[in-house]
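As structure tokens, the structure follows; a few thoughts come after it.
A short reminder: the numbers here are calculations on the coordinates, not readings from a lab. Nothing here was measured: the structure is a model prediction, and the numbers come from that model. Using ideal geometry, Cβ is built from the backbone for each residue, glycine included, and neighbour counts are taken over all protein chains shown.
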């Protein structure tokens, strides 16, 4: 048998998967088979590379060539040129937008330069459906070390010393949580992995589970050893079929290798994992709600204390951590607490994975050291704002977070700084907005989400958020008064102070932070009945500029409601009564003759 | 709503599902997932059967079904259309795409076309934010959809 000369890594992440990466993979396999190259070239489906903007991505090893936006029709050329003739297919390489140069090695791309990959270390490197590839990259070594060399106390000490804090949003010190769970005496304890990623616009946990499921299983077993639990449960969204599938495969393989189940590695330690499905409820990301959902009940939160560490699943002590938190654990054990604590800031150690999305050039999944600034993330890694528009704000922490603005661009990102700036770390969604986004409409968008997702148990959240939403609706329709702005602020504060769980306590954050940062924009809506971003339909009109209009009839033909009239070669007119403000005319006009008033 | 008659075969299948979870009430959500897999949705009649098998009240089952957005009590169309309204898609114009689907299909969110061909729903983030705005028809994902492209997508399934 010949030696494998080339490995072709095809991205199997959700974004690339949606752009036919599966068919691309099959095509490569067929082409390789047809040419009899099976012994020299191996095709591997990996997890997410992170650079979703340029997907589907195919990476060639060992020379690290990074092909972007690969289409089915490109497969043959890649094989012929790259593998058979040894020449790179230049047109598929990443093009540096500033210099126009082609970059073939991902290490030299701005997108990757500032990233440090710990939680995502294996995503895009290994085949997540093959345990041996995980083991080859030091997989399950940490579990072995812990079981044979370290006591649970010593392991917890490492976790505490590393400074790792919960990556689900709360930022509670992980080691401390483990210690508390360990201290509670009980005949049965549970280890839970929270994979109910509900923040719209975030896909960190999903990518870890799809790209490196074993790291989570390994960490859960370590956690079980430390806290004294022999049963693990992964609570995962049913909307993530690919992640579920890969997790199932990983569990099966780990059992076959004796890394899950009875008497792991011959040490007498028992631990196994089960999957529980979420059914679409944002509030289930809250740990008490999650536990109720796992028990087959409505996912309503309960008052803490008692904390799950004391009384959780079925009333037993339960340690709940999020996917990304777990993904960090094996590395910390292998490389040591000091190594990890060197990365990051004083009180936030290590890295954080963000799903960078919205009006940004390089949408994708990034992992950066704590303490990096927003400016670096947006302008260096993210490649700046799409279509050279003006940066306006970035929302971190999803619907529970707040908006950061130009003044926060140079603030080092960590748990405490984000809270001081009126936002929060959250699970890692990072949505970039430009000058065309209306901050009042954004606040309304998030409130709508909260209103839909409120479980209804406590009235500040159930009723208060609804009232907030109605006030925002009133303002965006041009019926707001200056008093409404005071009411918004007061009610927001009441909801924050009196809601039962994290969802309610944080739900007014988008309103408060937009009020604080964009008060003038609210005032314009209220006093001048104007939306400067042109988003609030009731406050705008599409007008045809008679000077620019040449009467080409293109707008009239594209108007879905026939609101535009005018003879050929004559200036056209929009009937404001009929106009539904869809903006189709403005998009179509080639002469810049339509503007928003 | 008029009563519907469940086929014997599917009923047996449903009971077998309940049994596979030992008719335990703690497994209700898992049972509902499987039941929706069998019937495509969860009409009152299905909930009644589950309530009997698991020995919980119908009100309890109904409470769970209506709490979680994944469960639905109305049948979906042959080609369920879902528009992602996650934040990334929203800021990239998903709302306009949704409006266009409503206009072209002449239905509102949560409805099914009279011929049963299409149904329209919204979802929150499929994790393909690089392709925003994203539309799903069944399992197929359409990325970077513009209002202009909506007609073409619908036409694909109308032929």
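Taken over segment A:541-596, the percentage of Cα pairs per 10 Å bin, counting from 0 up to the bin with the maximum distance, is 29, 64, 7. Shielding value for B:26-37 is 3, the average number of Cβ atoms from other chains within 10 Å of each residue's Cβ. Judged by the mean number of other Cβ atoms found within 10 Å, the most tightly packed of the peptides A:518-526, A:72-80 leads the ranking A:518-526, A:72-80. For segment B:39-102 versus segment A:488-519, the spacing of their alpha-carbon centroids is 29 Å. Any chance you could tell me what percent of the C-alpha pair distances in segment A:6-110 go past 19 Å? Roughly 37 percent, rounded to a whole number.
When ranked by the protection proxy of mean other Cβ atoms within 10 Å per residue, highest first, what sequence do the peptides B:135-146, A:286-297 form? Walk me through the numbers on the way to the answer.
Working: B:135-146: 16.7, A:286-297: 24.1.
The most tightly packed comes first, giving A:286-297, B:135-146.
Most simply put, chain A has about 55% antiparallel DSSP beta bridges, counting only bridges with both residues inside it.
Full extension of the chain between residue A:73 and residue A:568 yields a length gain of 173.9 nm, computed as 0.36 nm times the residue separation minus the alpha carbon distance.
Mean shadow of segment A:439-528, computed from the convex hull of its alpha carbons, in nm²? The partial results should precede the final answer.
Working: hull surface 19.3 nm².
Directional mean of the projected Cα hull area for segment A:439-528 stands at 4.8 nm².
Considering every residue in B:119-126, what mean count of other chain Cβ atoms within 10 Å of its Cβ is obtained? All intermediate terms of the calculation are to be shown ahead of the outcome.
Working: counts 0, 0, 0, 1, 3, 12, 14, 8.
Rounded to a whole number, the mean comes out at 5.
With the helix formula -39500 (n - 2.57) applied to DSSP H stretches of n ≥ 4, chain A reaches a computed 222 nm mean residue ellipticity of -9500 deg cm²/dmol.
Taking the square roots of five times each eigenvalue of the Cα gyration tensor of chain B, the equivalent ellipsoid has semi-axes of 34, 17, 13 Å, listed largest first. Taking only the C-alpha atoms of segment B:8-67, the Rg (one decimal) and the largest Cα-Cα distance, Dmax (whole number), read 10.0, 28 Å.
Over segment A:122-191, the Kirkwood radius and the radius of gyration, each from Cα atoms, give a ratio Rg/Rh of 1.05.
Rg and Dmax of segment A:58-134, both derived from C-alpha coordinates alone, stand at 14.1, 41 Å. The Cα trace of segment A:304-406 gives Rg and Dmax of 17.7, 54 Å, the first to one decimal, the second as a whole number.
Segment A:213-352: percent of C-alpha pairs farther apart than 21 Å? Tail of P(r) above 21 Å: 50 percent of Cα pairs.
The reciprocal of the average 1/r between distinct C-alpha atoms defines the Kirkwood hydrodynamic radius, which for segment A:41-95 equals 11.6 Å.
When a footprinting reagent is the concern and you count Cβ atoms within 10 Å, what order do A:178, A:339 take, fewest first? It would help to have the intermediate numbers written out before the result.
On the way: A:178 24, A:339 12.
The fewest-first ordering by Cβ neighbours comes to A:339, A:178.
Dividing the C-alpha radius of gyration of the protein assembly as shown by 2.2 N^0.38 Å, with N its residue count, gives 0.98. Kirkwood hydrodynamic radius computed over segment B:79-158 comes to 12.2 Å, based on all pairs of distinct alpha carbons. Take B:91-102, B:3-14, A:443-454 and order them by the average number of nearby Cβ atoms within 10 Å per residue, most first; the result is A:443-454, B:91-102, B:3-14.
If you take the Cα centroid of segment A:11-72 and the Cα centroid of segment A:294-359, the two points sit 33 Å apart.
Would you order B:42, A:314, A:485 from fewest to most other beta-carbon atoms within 10 Å of each residue's own beta-carbon? Intermediate results must be reported in sequence, preceding the final value.
Details: B:42 23, A:314 12, A:485 18.
The fewest-first ordering by Cβ neighbours comes to A:314, A:485, B:42.
Over segment A:264-335, the ratio between the Cα radius of gyration and 2.2 N^0.38 Å evaluates to 1.31. With the simple model of a label 7 Å out from the Cα in the direction of the Cβ, residue A:494 to residue A:314 spans 4.3 nm.
Coordinate range of the alpha-carbon atoms in segment A:369-464 per principal axis, descending: 43, 30, 18 Å. What is the Cα centroid distance between segment A:99-119 and segment A:407-427, reported in whole angstrom? A separation of 25 Å, based on Cα centres.
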